[in-house]
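Undergrad: Below you will find the structure I want to go over with you.
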Amino acid sequence: MDAMDERCWMSMLWNTNIINTCIVFRQWHIHSHFQFVLSFLAIMALGCGYEYLRDVQRRVDHKIAVQLVNSGKGKNVVSGSTSRGRIALVEEDGQDELMLLSLKADSGIEVPFWSRVLRASLYGASVFVSFFLMLVFMTYNGYLILATVLGAALGHYIYGGRMDPNAVLGGALETKGISCH
């Protein structure tokens, strides 16, 4: 192949190009079917990684909420209703579980500095990955779109295996899937 055939292709139309496809930037230039398969798997891993980040965010938020309640910073921390919604602290498998049901968005407790730094860092990482996957999606390459969707689905299957039915029925469950922001 000569230098003219080694052009990097980025299309704004639906395509299924494999060889000479460039993914997001010129340095990610596909020269062979093997490189394309590796890239497909890498994009799937990114989609799966995004779901992992979302799971970590939920777990960190849960841990911080339990710490706030246990430190006495939570007001009206008894099972029942408050003026802003319903809060319950229950014990499950020897661990404290904080269940917030139908809590209004304007309520809340000040989160400590380092917890805020951790939450902001995780949020920033998830926004970066989601925007990067959006750019992959915008190659309009059917195979790369499939890799993005399969990675997100696999990640959701792996990291979304638990559900709180009360939170789902109470409307407190976050339903944001893979998205730009």
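Undergrad: Want the number for V149 to L13: 0.36 nm per residue separation, take away the alpha-carbon distance, what's left?
TA: Result for the pair: 47.1 nm of gain on full extension.
Undergrad: What nm distance separates the two modelled labels at A167 and R26, each placed 7 Å from Cα along Cα→Cβ?
TA: 4.6
Undergrad: In Å², and per residue, what accessible area does region 1-73 have when probed at 1.4 Å with the other protein chains present?
TA: Per residue, region 1-73 has 65 Å² of solvent-accessible surface.
The values are calculated or read from the model by the stated rules, or taken from the named source; none is laboratory data. What you see is a predicted model, and the numbers here were worked out from it, not measured in a lab. We place every Cβ from the backbone using ideal geometry, glycine too, and count neighbours over all the protein chains shown. The accessibility values were calculated without ligands, DNA or RNA, using every heavy atom of the protein model including side chains. Shrake-Rupley method; radii C 1.70, N 1.55, O 1.52, S 1.80 Å.
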